Amino acid sequence: ILLTRLDEWCFNYWLALGMCYQRLAEHEEAIFCFSRSGVIVLDDPRSAFYAGISYEILGNQIYAYKSFRAALNWCGQSAHYAEIRHLATQALGRNQ
């Protein structure tokens with residue numbers, strides 16, 4: 001939390017904090033952090049993907065679907081995001 005206060009425009013700090021909250025099962029806080037990281041770096045699919053996981057766990061299937069869909073769109077054909085593309089595709093199959 002301290003790092004996000006020191007540099008509130010650092011994508012990596014917000015993404016990491018969101019992942020920490022997600023692992024602690026504090027999904028509302030995680031979603032907030034992922035939304036912040038997503039605003040800072042718009043074309044990185046990780047923020048949307050991890051938010052989708054938290055939405056899915058919270059039972060919000062509509063937002064989970066939208067998040068996974070956004071993550072898949074931002075993955076494009078980049079080999080760098082192949083794993084997220086695969087996982088997002090699987091998640092979309094669960095949420096249809």
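Bear in mind these aren't lab numbers, they're just calculated from the coordinates by the rules spelled out. All values reported here derive from a predicted model rather than from experimental measurement. As a convention, Cβ positions derive from the backbone with ideal geometry for all residues, glycine included, and neighbour counts pool all protein chains shown.
Can you compute the modelled spin-label distance between residue 94 and residue 78, with each label point 7 Å from Cα toward Cβ, in nm? Placing both labels 7 Å beyond Cα along the Cβ direction yields 2.3 nm.
Among 61, 22, 77, which one shows the biggest mean-square fluctuation in a GNM of the chain, springs joining Cα atoms closer than 10 Å? Sorting by GNM fluctuation, first place goes to 77.
When a/c reaches 1.5 or more, the comparison of a/b and b/c decides; with that in mind, is the chain rounded, prolate or oblate per its Cα gyration tensor? Because a/c hits 1.5 or more and a/b fails to exceed b/c, the chain counts as oblate. What shape does the stretch 14-62 take by its C-alpha gyration tensor, where a ≥ b ≥ c are the square roots of the eigenvalues and a/c under 1.5 counts as rounded, a/b above b/c as prolate, and the rest as oblate? Because a/c hits 1.5 or more and a/b fails to exceed b/c, the stretch 14-62 counts as oblate.
Take every pair of alpha-carbon atoms less than 8 Å apart whose residues are at least six positions apart; their mean separation over the length of the chain yields a relative contact order of 20 percent. What does the charge count around residue 12 come to, taking other residues whose C-beta lies under 12 Å from its C-beta (Lys +1, Arg +1, Asp -1, Glu -1)? Every neighbour counted, the sum reads 0.
For residue 40, neighbours were defined as the other residues whose beta-carbon sits under 14 Å from its Cβ, and their charges (Lys and Arg +1, Asp and Glu -1) total -2. For the stretch 32-51, list residues with backbone N below 19 Å from a point placed 7 Å from the Cα of residue 26 toward its Cβ? Under cut-off, by backbone N: 32-38, 50-51.
Taking a ≥ b ≥ c as the square roots of the eigenvalues of the alpha-carbon gyration tensor, the stretch 44-96 is classed prolate because a/c is 1.5 or more and a/b outweighs b/c. For the chain, the longest principal axis of the C-alpha atoms and the axis of helix 61-75 are separated by about 90°. Counting Lys and Arg as +1 and Asp and Glu as -1 over every other residue whose Cβ lies under 14 Å from the Cβ of residue 54, the net charge comes to 0.
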